[in-house]
2 protein chains.
Amino acid sequence: QERVVLAQLKDVPAETQDGIAVSLQANIELPDEAESALANGATGIGLFRSEFLFIGRSELPTEEEQYQAYASVVRTMQHRPVTIRTLDIGADKALDGEATVATNPALGLRAIRYCLAHPDLFATQLRAILRASAHGTVRILIPMVAHMHEVRAARAAIASAMAELDLRGQSYSKNVEVGAMVEIPATAIAIEPFADALDFLSIGTNDLIQYTLAIDRADNEVAGLYDPLHPAILRLIANVINAGIRVGKSVALCGEMAGDPQLTRLLLGLGLTQFSMHPQQLLSVKREILRAHSNALRVQVATSLNRASPIDPASLH
Amino acid sequence: QERVVLAQLKDVPAETQDGIAVSLQANIELPDEAESALANGATGIGLFRSEFLFIGRSELPTEEEQYQAYASVVRTMQHRPVTIRTLDIGADKALDGEATVATNPALGLRAIRYCLAHPDLFATQLRAILRASAHGTVRILIPMVAHMHEVRAARAAIASAMAELDLRGQSYSKNVEVGAMVEIPATAIAIEPFADALDFLSIGTNDLIQYTLAIDRADNEVAGLYDPLHPAILRLIANVINAGIRVGKSVALCGEMAGDPQLTRLLLGLGLTQFSMHPQQLLSVKREILRAHSNALRVQVATSLNRASPIDPASLH
Ligand SMILES: [Mg+2]
Ligand SMILES: [Mg+2]
């Protein structure tokens, strides 16, 4: 019955009581899930993880195979934005046959660090993503950025991939936006140059919380210390959102916090207008948004952020 | 010859050209090193690591053995402050015979987390430290604090240890100060309640940099990304120093940055007045302090912090 009520919200625009439009997009791990995103009213794919193409096999996926996978999602989404995250591998998700030798893989050669250390692998993926952009609206999302030189290197790799496609005469959109995951504390703290240099930002709260609190959530001995409501986390989220507002860049949040309806009012109060989450969560979160008074929440949260005591999200109204 | 010049500075008070007094203390790992601290003009021990008592043996050290070790340093330092850090173990420095099973030990059950999970071990160490306080000026330093509930639990454990010593009729100083290492990003970001609840703070830049940048410096594949000058790091250091100034609490810095004479002007510019470092670095850093103009540096660094481009410490004068 709950499900029937929520289903009625599918085509209702996500807008707060005081008229703030909110974007609700989907996180997906496999191309098939794009259908479920649409069925739950997603206005785009905020995070398309590309690891499925690389994990559990002994050979790297070809450019063609990757292109087909990306393009199928782009076609399904019919010009709604599809945000494809470049390979986020190296930590828990090691490529098959590659031994993870790092003492602390979460603090090691992963994601963009791994891709910049494997330029051929990265170039192949970038060409495949760019080719998919010929069929709709594609955005490239770079994970685990912490240094501006990583942004510059990623942009250079994208420019090279475009040049290669030009040589080949293969089509792609020249307007593909390039953004970064904000999931390392340094990036969230000193966000300004990243907000300037990138087209959009996406806050990855799962990793951001782990690094900011120095805890591995998968480690049972310390999982109890994982706390999305730690004042430091909320300040970092606010800092990134505000930096995006100042320079007119889009800021989404794609960690599990985005899909928790108990945190929707809090995130609206922090100024968030773009949520990306598991498709199954979209309509519950939309219901919260439809009930919310955005400006009242912004005032309440701004006041709470400056207090020493933690915020109780249930107290926001 | 360099060494002879520096040796003349041993008893010169550390003071900038514009009359700002600076405290130069020593980090030590073994009781013997207190002599070297004094020989290099240290005005106290800013960080006495206690791991040497626990590592490379199959049985835990007794209270008496710990007490003797701590008291010997306290006696050597003759009423200069001795800051004893409670056990910082569990990550790379596992106790003998204990398998480190964590996937990411640096993000696991270490330091205060470990001690709170092993209350008898912690109580024994706290009693030994407190008993040493009867012979001079002892401060207790809690590593890896990220949550206020950890501060409250540590304070409760110290109160229990005092109560036990009262029962036994053993003497200790009731005025032992309790401080925390600021080495987890969350703590440095949301520092205010910690500055309020603790008697002093000590910034541990080695770990703070690693967590803030999400890199393990011991991992050769990413060690090149370790950057003490990342704008985020400098902002966190400034944030902690300023919070201490606002509530009148002492803030030291005890990571390797403190002992690098090329960073002395930068740290003075951030407002730091308490440095703790390897004894061998004390006089080189003192020489830099004697040459420095603190207020001019504060103006230059404040201006640079708000710029997007990184600070070049060599450009400060
Ligand atoms: Mg991540
Ligand atoms: Mg440490």
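Can you work out which of the residues in the stretch B:144-159 that are in a helix (DSSP H, G or I) and within 16 Å of ligand 2 (Cβ to nearest atom) is farthest from the other protein chains (Cβ to nearest Cβ)? Explain how you work it out, then say what you get.
Going residue by residue through the stretch B:144-159, those that are in a helix (DSSP H, G or I) are B:148-159.
Those left that are additionally within 16 Å of ligand 2 (Cβ to nearest atom): B:150, B:154.
Numbers: B:Glu150: 9, B:Ala154: 14 Å.
Among them, the one singled out is B:Ala154.
Taking the stretch A:72-90 on its own, how many of its residues are within 15 Å of ligand 1 (Cβ to nearest atom) and surrounded by fewer than 22 Cβ atoms within 10 Å (Cβ to Cβ)?
Of the residues in the stretch A:72-90, 0 are within 15 Å of ligand 1 (Cβ to nearest atom) and surrounded by fewer than 22 Cβ atoms within 10 Å (Cβ to Cβ).
Candidates in the stretch B:45-92 are the residues that are basic (Lys, Arg) and at pLDDT 95 or above; of these, the one that is nearest to B:Ala132 (Cα to Cα) is B:Arg75.
Is it the case that the stretch B:247-265 has a residue that's within 14 Å of another protein chain (Cβ to nearest Cβ) and touching a Phe, Trp or Tyr at 6+ places or on another chain (Cβ under 9 Å)?
First, pick out the residues of the stretch B:247-265 that are within 14 Å of another protein chain (Cβ to nearest Cβ): B:247.
Still in the running and touching a Phe, Trp or Tyr at 6+ places or on another chain (Cβ under 9 Å): none.
Among the residues of the stretch B:247-265, not one is within 14 Å of another protein chain (Cβ to nearest Cβ) and touching a Phe, Trp or Tyr at 6+ places or on another chain (Cβ under 9 Å), which makes the answer no.
Are there any helices (runs of 4 or more DSSP H) wholly within the stretch A:160-213 with 2 or more residues that are over 30 Å from B:Ala146 (Cβ atoms) and within 10 Å of chain B (Cβ to nearest Cβ), and if so which? Explain how you work it out, then say what you get.
Working: elements: A:185-189, A:192-197, A:205-213.
Helices (runs of 4 or more DSSP H) meeting the threshold: A:192-197.
Only residues that are within 17 Å of B:Leu305 (Cα to Cα) and either among the polar types (S, T, N, Q) or modelled with pLDDT under 95 (or both) were counted in the stretch B:232-252, giving 2. Within the stretch B:167-190, identify whether any single residue is buried (at least 24 other Cβ atoms within 10 Å of the Cβ) and away from ligand 2 (no atom under 16 Å from the Cβ), and answer yes or no. Yes, because at least one residue in the stretch B:167-190 is buried (at least 24 other Cβ atoms within 10 Å of the Cβ) and away from ligand 2 (no atom under 16 Å from the Cβ). Screening A:Phe200 with (1) in contact with a strand residue (DSSP E or B) (Cβ under 6 Å, 6 or more places away or on another chain); (2) within 16 Å of ligand 1 (Cβ to nearest atom) gives one miss only, at (2). For the stretch B:53-65, give me each residue that is under 19 Å from B:Gly90 (Cα atoms) and part of a helix (DSSP H, G or I). Listed by number, the list holds a single entry, B:Leu53. Being touching a residue at least 60 places away in the same chain (Cβ under 8 Å), surrounded by 22 or more Cβ atoms within 10 Å (Cβ to Cβ) and more than 14 Å from chain A (Cβ to nearest Cβ) holds for only one residue in B:Leu121, B:Leu130, B:Leu141, B:Leu126, and it is B:Leu141.
For the stretch B:236-247, what are the residues that are in contact (Cβ under 8 Å) with a residue 60 or more places away in the chain and more than 13 Å from B:Leu266 (Cβ to Cβ)? Break it down into steps so the answer makes sense when it comes.
Let us first name the residues in the stretch B:236-247 that are in contact (Cβ under 8 Å) with a residue 60 or more places away in the chain, namely B:238.
Once the filter is applied, which keeps residues that are in contact (Cβ under 8 Å) with a residue 60 or more places away in the chain and more than 13 Å from B:Leu266 (Cβ to Cβ), the stretch B:236-247 yields nothing.
A:Ala153 meets the conditions (1) surrounded by fewer than 19 Cβ atoms within 10 Å (Cβ to Cβ); (2) within 16 Å of ligand 1 (Cβ to nearest atom) in every case but one. The failed one is (2).
The values are calculated or read from the model by the stated rules, or taken from the named source; none is laboratory data. The shown structure was predicted, so the numbers you read here are calculated from the model rather than taken from an experiment. Reconstructed Cβ throughout: ideal geometry from the backbone, glycine too, with neighbour counts over all protein chains shown.
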